[in-house]
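Colleague: My questions all concern the structure below.
No value in this document is a laboratory result; all are computed from the given coordinates. It should be emphasised that the depicted structure is a prediction, and the values quoted were computed from it without experimental measurement. Note: ideal-geometry Cβ built from the backbone for every residue, glycine included; neighbour counts use all protein chains shown.
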Amino acid sequence: MNEKENTELIRSMYAAFGKGNLPAILNSVTDDVDWQTLGPQEIPQAGPHRGRDQVAKFFEKIAQNYDIQQFEPREYVAQGDKVVALGYYRGLVRATGRAYESEFAMVFNFRNGKVARFREYADTAAILAAGKK
């Protein structure tokens with residue numbers, strides 16, 4: 001796939017996320033995908049997730065722990081087999097009812113037309129603070 005097609009796949013994955021369509025997301029990643037949100041262990045979805053089953057668990061953790069109120073990818077940068085999405089999100093930690101917000105950078109690497117590696121960089125301190133009781 002070319003850079004434009006890779007970017008469109010990321011856009012479609014974000015649209016699927018917005019609709020709660022987990023199967024569409026999982027069909028867009030390789031069987032051995034390396035998926036990771038960087039951050040401390042106290043953030044439920046942080047850490048490595050390998051393979052589709054673990055990516056499904058990642059999204060379950062998101063749904064269980066957060067009420068996402070705004071998710072806004074704003075810019076895409078594509079080069080070769082990589083797409084970087086820059087954006088903003090805001091939500092509530094379900095356990096505390098406290099709000100968090102952060103700009104983010106999400107980096108997707110492709111292999112054979114699917115996402116093979118994902119890294120998310122965000123203000124994990126803000127998310128962690130919102131989760132403290």
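Colleague: Using unit Cβ charges (K, R positive; D, E negative) and no other charged atoms, how large, in debye to the nearest 20, is the dipole of the chain about its Cα centre?
Modeller: Here the size comes out at about 300 debye.
Colleague: Suppose we keep just the DSSP beta bridges with both residues in the chain; what percent of those would be antiparallel, to 5?
Modeller: So the antiparallel bridges in the chain amount to around 90 percent.
Colleague: As I understand it, the dipole of segment 3-131 uses +1 on the Cβ of Lys and Arg and -1 on the Cβ of Asp and Glu, about the Cα centre. Which of Gly51, Phe71, Leu86 lies farthest toward its positive end?
Modeller: Gly51
Colleague: Can I ask one more? Would you list, by chain and number, the aspartates and glutamates whose Cα falls below 13 Å from the Cα of Lys61, excluding same-chain residues fewer than 8 positions away?
Modeller: Of all the aspartates and glutamates, those that pass the test against Lys61 - Cα under 13 Å, at least 8 places apart if same chain - are Glu42, Asp53.
Colleague: In µm²/s, what is D for the chain at 10 °C and 1.306 mPa s, where D = kT/(6 pi eta Rh) by Stokes-Einstein and Rh is the Kirkwood radius from Cα pairs?
Modeller: Estimated via Stokes-Einstein, D reaches 106 µm²/s.
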